[in-house]
1. State the number of residues belonging to the stretch 99-124 that are surrounded by fewer than 18 Cβ atoms within 10 Å (Cβ to Cβ) and either aromatic (Phe, Trp, Tyr) or without any contact (Cβ under 8 Å) to a residue 60 or more places away in the chain (or both).
2. What is the one condition in (1) hydrophobic (A, V, I, L, M, F, W, C); (2) in a helix (DSSP H, G or I); (3) open to solvent by 20 Å² or more (accessible area, probe 1.4 Å) that Ala14 does not satisfy?
3. Restricting to the stretch 202-227, what's the tally of residues that are away from ligand 1 (no atom under 16 Å from the Cβ) and open to solvent by 10 Å² or more (accessible area, probe 1.4 Å)?
4. Quickly run through the stretch 29-53 and pick out the residues that are in contact with a Gly (Cβ under 7 Å, 6 or more places away or on another chain) and either closer than 18 Å to Asn431 by Cβ or open to solvent by less than 40 Å² (accessible area, probe 1.4 Å) (or both).
5. Could you tell me whether any residue of the stretch 153-166 is open to solvent by 10 Å² or more (accessible area, probe 1.4 Å), acidic (Asp, Glu) and under 18 Å from the mean Cα position of the chain (by Cα)?
6. If we only count strands (runs of 3 or more DSSP E) wholly inside the stretch 266-310, which ones have 3 or more residues that are away from ligand 1 (no atom under 16 Å from the Cβ) and hydrophobic (A, V, I, L, M, F, W, C)?
7. Find the residue count for the stretch 218-237, including only residues that are among the polar types (S, T, N, Q) and within 11 Å of ligand 2 (Cβ to nearest atom).
8. Which condition does Phe380 not pass, out of (1) open to solvent by less than 20 Å² (accessible area, probe 1.4 Å); (2) within 15 Å of ligand 1 (Cβ to nearest atom); (3) out of contact with any Cys (no Cβ under 9 Å at 6 or more places or on another chain), if it passes all the others?
Amino acid sequence: PGTASASRDWERVAESVRREYLWAWQHYVDRALGADHIKPVSGGREDFFVPGHSVGLSAVEAVDTLWLMGADDEVAQAVQWIEDNLSFDIDAPFQVFETNIRMVGGLAAAYHCTGRPRLLELAVDVADRLLPAFTESPTGLPYRYVNLATGEVSRPDTNIVEVGTYIAEFGVLSEWTGDRRYYDLAKRAMRVVYDKRTELGLLPHDIDAETGEWRNRQATVGPPGDSYYEYLWDGYALFGDEELRQWYDTLTDAILAHQAERHDGLLWFPQVDAFTGEVLSREQSVLAAFYAGLLGESGRVQEGRAYHDAFHAVQEEFGVIPNSVDYTTMTTSDPVNELRPEFADAALALWLATGDEVFRERAAVHYANMLRTSKAPYGFAGLGDVTAEPPTQLDSCPGYWWSEQMKYYWLLFSGTPRFDYRDNYLTTEANLLRGARRP
Ligand SMILES: O=C1NC[C@H](CO)[C@@H](O)[C@@H]1O
Ligand SMILES: [Ca+2]
């Protein structure tokens, strides 16, 4: 990986990605610096976590992407705003999962790339404000919300993603500070879920943080199941935790045995009843596409390739992948596109795992189709209906756009010396926690 390919001028595509990203960044700086989101059609500002309490989400999500692009002046702009303005002393309930993967992860990645101590201090500050969600819980499964100023917790009606997607961000904080609390609290919640797997070795996705009881029967590799599985593997990949790998292997073997289904020669993962294996739904969320990359990087390369082939068929059918498809008819009942990055996420993971150029080609099409349909006056916009000609643009650009697909494209096409292509780690929000190579 990282070598130029004779068949395509990847450098030219990489330069396009960097140019478009810096164009969008300049509009964010000019019109919405400090806001969680810019509104790309109107040029307005928008809060993500809590109305009236933006925490500069897009700037935090952008730092490592800008750094990997060598855009050091823009890195300085983002870091300046963060160090001068960012405070988490906010008397409002924040969603623990989203705050972790976006703010803890974003600040930790910014620290990993720049080495600026204030960024690590802020990551630790916001992580400490999340801890009551874990320590106040009778089961160790964190509540969904915590007030960052008072520590008041709420919403035990949670799911395996929101109780199990912390080990990467919390683990590096333990590594970088020497305080094991973060790692231990994150892993304990994962163990509670694993120990409740069904006879078939499958997991429902909804769970009560106070009673520990399952609240549904359905198993899915899409939301809100996806990153629980991802972080079992990541805990092994990042910290060498063999127990997490064993849990991952046990659950993945069960998923491949009971959830995998072939249809028209393509591999899919329908939703099934975790206790009986009965197929409940053949809707496939675009977010489930990440799973192709997870299978590929965790030694299930053939299955990973096959599942990416399935989503490639969806990209061929629609151009821009809609929120979900029914794979038995290849039709969509949800034609919205929210700039979801998972197809590109899996393309990068599979390219790093196999070196096969087909994944760069597929990602290049993903980028070209986004560029053609989502570019709006002040940034990149989601689409209201990917089947319309032209697709209708939404006045929204999610924070993950600044951290995910543009970074995946850049890493796939640029061969940047700032990234260790052989030893690296990106979180589920594409925050770089290992593999930055400072010049
Ligand atoms: O894990 C995640 N789930 C949802 C977002 C992208 O679709 C993003 O926040 C992240 O990739
Ligand atoms: Ca993800």
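The values are calculated or read from the model by the stated rules, or taken from the named source; none is laboratory data. The structure presented is a predicted model; accordingly, all values stated were derived computationally and were not measured. So basically every Cβ, Gly included, is an ideal-geometry build from the backbone, and we count neighbours across all protein chains shown. Accessible surface areas use protein heavy atoms only, side chains included; no ligands, DNA or RNA. Shrake-Rupley method; radii C 1.70, N 1.55, O 1.52, S 1.80 Å.
1. Going through the stretch 99-124, the residues surrounded by fewer than 18 Cβ atoms within 10 Å (Cβ to Cβ) turn out to be 115-118, 121.
Narrowing the set further to residues that are either aromatic (Phe, Trp, Tyr) or without any contact (Cβ under 8 Å) to a residue 60 or more places away in the chain (or both) leaves 116-118, 121.
Matching residues across the stretch 99-124 total 4.
2. All conditions are met except number (3).
3. Within the stretch 202-227, the subset away from ligand 1 (no atom under 16 Å from the Cβ) is 202-204, 206-219.
Subsequent filtering for residues that are open to solvent by 10 Å² or more (accessible area, probe 1.4 Å) retains 206, 208, 210-211, 213-218.
Number of matching residues: 10.
4. First, pick out the residues of the stretch 29-53 that are in contact with a Gly (Cβ under 7 Å, 6 or more places away or on another chain): 31, 34, 36-38, 40, 48.
Of everything in the stretch 29-53, those that are in contact with a Gly (Cβ under 7 Å, 6 or more places away or on another chain) and either closer than 18 Å to Asn431 by Cβ or open to solvent by less than 40 Å² (accessible area, probe 1.4 Å) (or both) turn out to be Gly34, Asp36, His37, Ile38, Pro40, Phe48.
5. Within the stretch 153-166, one or more residues are open to solvent by 10 Å² or more (accessible area, probe 1.4 Å), acidic (Asp, Glu) and under 18 Å from the mean Cα position of the chain (by Cα).
6. Values: elements: 266-268, 271-273, 279-281, 283-285.
By residue number, 266-268.
7. Start the filter on the stretch 218-237 by keeping residues that are among the polar types (S, T, N, Q), which leaves 218, 220, 227.
From the residues that got through so far, the ones that are within 11 Å of ligand 2 (Cβ to nearest atom) too are 227.
Qualifying residue count for the region: 1.
8. Looking at each condition in turn, Phe380 falls short on (3).
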